[in-house]
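Data first, discussion second: the structure below is written as structure tokens.
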């Protein structure tokens with residue numbers, strides 16, 4: 001019993017020390033620009049092991065050197081309540097949860113109907129092997145679109161792995177609250193725009209602007225900024241289809257909403 005308690009205490013102490021480490025790391029970001037994120041390092045390692053070369057384009061730009069068009073476009077596309085929430089958009093999270101729940105219910109119902117059909121065929125053919133009915137292909141629940149705020153995305157990119165577990169999600173919430181408590185909204189948006197992925201080995205607004213438009217992030221037009229913002233949920237995919245009908249249509253919508261996006 002004592003050994004169990006000892007291990008429990010050690011786990012608690014280790015957890016507290018880990019959170020203090022995160023507090024110290026985030027506090028340094030008040031004055032020091034982070035050189036890389038956990039996500040960037042993992043992507044660089046993946047590309048290096050797959051191709052044998054390091055592909056990493058990134059150039060830090062201060063907040064006032066990034067076009068207001070891009071700031072507004074990212075907020076309009078990714079998190080329109082950025083300046084007002086405490087790091088977590090609870091309404092969006094609830095809607096996403098309900099969407100996933102309904103999808104899971106549809107999948108379960110389809111599988112139950114297939115099982116019942118198999119049973120009915122077997123009942124009509126006693127003593128014979130009933131023809132097999134392939135169950136419906138399991139479908140993945142839709143991703144939580146709109147569930148994660150800019151601050152949550154930054155917390156995940158800065159410190160966490162890409163695994164999807166309750167423990168990792170809990171840590172993401174803690175980091176999100178720490179970021180909101182220690183950094184200003186402007187600083188959070190500045191770090192996010194300088195570290196978010198915009199394609200294979202392309203990180204940050206300046207690298208994205210140079211890669212797609214051959215110009216500085218300070219010079220992006222409203223539509224150019226909107227196109228970059230639309231790419232964020234699936235940057236590697238849209239890097240191959242930058243002029244797809246979806247990107248162009250969605251970008252037009254975001255461009256028309258720029259003036260309604262509130263900056264910190």
Residue in the range 10-45 that is nearest to the chain's Cα centre (by Cα), counting only those that are under 18 Å from residue 204 (Cβ atoms) and part of a helix (DSSP H, G or I): 39
Please pick out the residue among 228, 158, 193 that is within 24 Å of residue 66 (Cα to Cα), surrounded by 21 or more Cβ atoms within 10 Å (Cβ to Cβ) and out of contact with any helix residue (DSSP H, G or I) (no Cβ under 6 Å at 6 or more places or on another chain). 158
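Within the range 78-92, how many residues are modelled with pLDDT under 85 and farther than 14 Å from residue 176 by Cα?
Selection size over the range 78-92: 2.
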Could you grab me the full set of residues in the range 21-33 that are surrounded by 10 or more Cβ atoms within 10 Å (Cβ to Cβ) and without any contact (Cβ under 8 Å) to a residue 24 or more places away in the chain? 21, 28
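The rows are residues; the columns are (1) closer than 20 Å to residue 55 by Cβ; (2) not in a helix (DSSP H, G or I).
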residue	(1), (2)
209	yes, no
212	yes, no
229	no, no
236	yes, no
239	yes, no
243	no, yes
247	no, no
264	no, yes
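The values are calculated or read from the model by the stated rules, or taken from the named source; none is laboratory data. Note that the structure is a prediction, hence the values are computed from the model and not measured. Every residue, glycine as well, gets a Cβ built from its backbone with ideal geometry; the counts of neighbours run over all protein chains shown.
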